[in-house]
1. If I compute solvent accessible area with a 1.4 Å probe over the protein chains, what percent of it on the chain is carbon and sulfur?
2. Report, by chain and number, residues whose modeled amide H sits under 5 Å from the one on PHE189, excluding near sequence neighbours (fewer than 5 apart, same chain).
3. Is the shape of the range 165-268 rounded, prolate or oblate, going by the alpha carbon gyration tensor and its root eigenvalues a ≥ b ≥ c, with a/c under 1.5 for rounded and a/b larger than b/c for prolate?
4. Under 5 Å between amide H atoms, partner at least 5 residues away or on a different chain: which partners does ASN267 have, H built in plane at 1.01 Å?
5. Only Lys, Arg, Asp and Glu count, each charged at its Cβ (+1, +1, -1, -1), so figure out the dipole size of the chain about its Cα centre, rounded to 20 debye.
6. Hey, what's the chain come to in accessible area per residue, 1.4 Å probe, Å²?
7. Rounded to the nearest 10 degrees, what's the angle between the helix 5-25 long axis and the longest principal axis of the chain, both from Cα atoms, 0 to 90?
8. So in the range 227-334, what percent of DSSP beta bridges are antiparallel if you round to the nearest 5?
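The values are calculated or read from the model by the stated rules, or taken from the named source; none is laboratory data. Keep in mind that what you see is a predicted model, and the values were worked out from it rather than measured. Neighbour counts run over all protein chains shown; Cβ positions are idealised from the backbone, glycine included. Ligands, DNA and RNA are excluded from the accessible area calculation, which covers all protein heavy atoms including side chains. Shrake-Rupley method; radii C 1.70, N 1.55, O 1.52, S 1.80 Å.
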Amino acid sequence: MYWTNAEMRQFGKAFALIIFTLLSLNQVYGQDNVCMQKSVPYKAGKFSFAATSGDFNGDGKPDVAVVNYNGDDMVILINNGDGTFKDPVKIPTGHYPTSVKAADFNNDGKMDLAVSNVGSETISIFLGNGDGTFQPKQDIPGGPFPCYVAVADFNHDKNMDIAISNDSSNTVSIMTGKGDGTFTQGGVFKVGEYPSPIAVIDFNGDGNDDMVVTNTGGNSISVLLGNGDGTFKKASEYSVGSYPNCVAAGDFNGDGKPDIAAVNSANGTVSILLNKGDGTFTKGTDQPCGGGGPISIVATDVNKDGKMDLALCNAGTNNIGILLNDGKGGFAPAQMFQSGISPICILVDDFNKDGYLDFLTVNNNESGSISIFLGCPSKQ
């Protein structure tokens, strides 16, 4: 039996329609037509706690590292290039790991990892081999209960440094990178009560990296302006909502100055603080999150309109919320998408390299998993 050209063309159209229909069935649209594919879970470990993305094997595709609090380990998930991932590979960490960040600490062009361990009060450094594997950990001292790490070149020596929020001493400490994967102790800076996640950005436009840290116990955030030599001015404290757990920075009102968004777990809101341009802030709006127990937040342009939006995860209602920017420092009501159980960390990246932002949540439960949300074109 032979098909005519007309029959082949008809078959091709029908097949394309079937594929389009199947893909469409996997897409979910929010109220304002933000599009994501339904989340896909991947096994990670016992009570997964935090994650970071980076190209660990040099193929140009973002891979994922996840730390597992109760497992005292980290898993590496290598990206297949289409937004799916290979089986996780487990690596031992210190005791009770709570955060992980990717950077090149020894200037060899390969991505390394830094993990904070609150149980052993250490920071574990994993130097990358460039093929998706890592050398055995090298532990450096953390502060008292070092719950979170951030990475940046704070002293302009072209080596990556580490900032550590120390929950028990209400401080942020700096480990100064030597450029070979080792570190020396830098300064220790007082912040508010029970500091947790840190965001790094230049708030006052002087070319130096500054920091903002959430103070969970003090219902506040602390802003530390960098001097450019690895030291910081005295922290300025600003009140936010109840039990702030995470912070993000971005230009929310379109004036070219980075503002602050702090997510408040107890009252389910995001507090917006608007930058005056000199690294001081005025209180903006408190925005409802749309879900219960919001605990992690990122700032990014979700719908490609040139405005900085917010994405957060709600541990109490097992979903993520997308808040689109109105261009005036405010946000539209959250658009909700179902996640895994108890999501406590959210990341943004383009995992399948299709030009649309994707999201990842870390789901903190006994089985431990991550959920991948692949972005898709919004309806016009």
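1. Details: 8350 of 15520 Å².
It is 54 percent, rounded to a whole number.
2. Answer set, sorted by chain and number: VAL172, SER173.
3. Working: a/c = 2.09, a/b = 1.26, b/c = 1.67.
Because a/c hits 1.5 or more and a/b fails to exceed b/c, the range 165-268 counts as oblate.
4. Those lying under 5 Å, H to H, from ASN267 are SER242.
5. Numbers: 24 positive and 41 negative charges, 169 e Å.
Once rounded to the nearest 20, the dipole reads 800 debye.
6. Numbers: 15520 Å² over 380 residues.
For the chain, the solvent-accessible area averages 41 Å² per residue.
7. Rounded to the nearest ten degrees, it is 40.
8. Numbers: 29 of 29 bridges.
Taking every DSSP beta bridge within the range 227-334, about 100 percent pair in antiparallel fashion.
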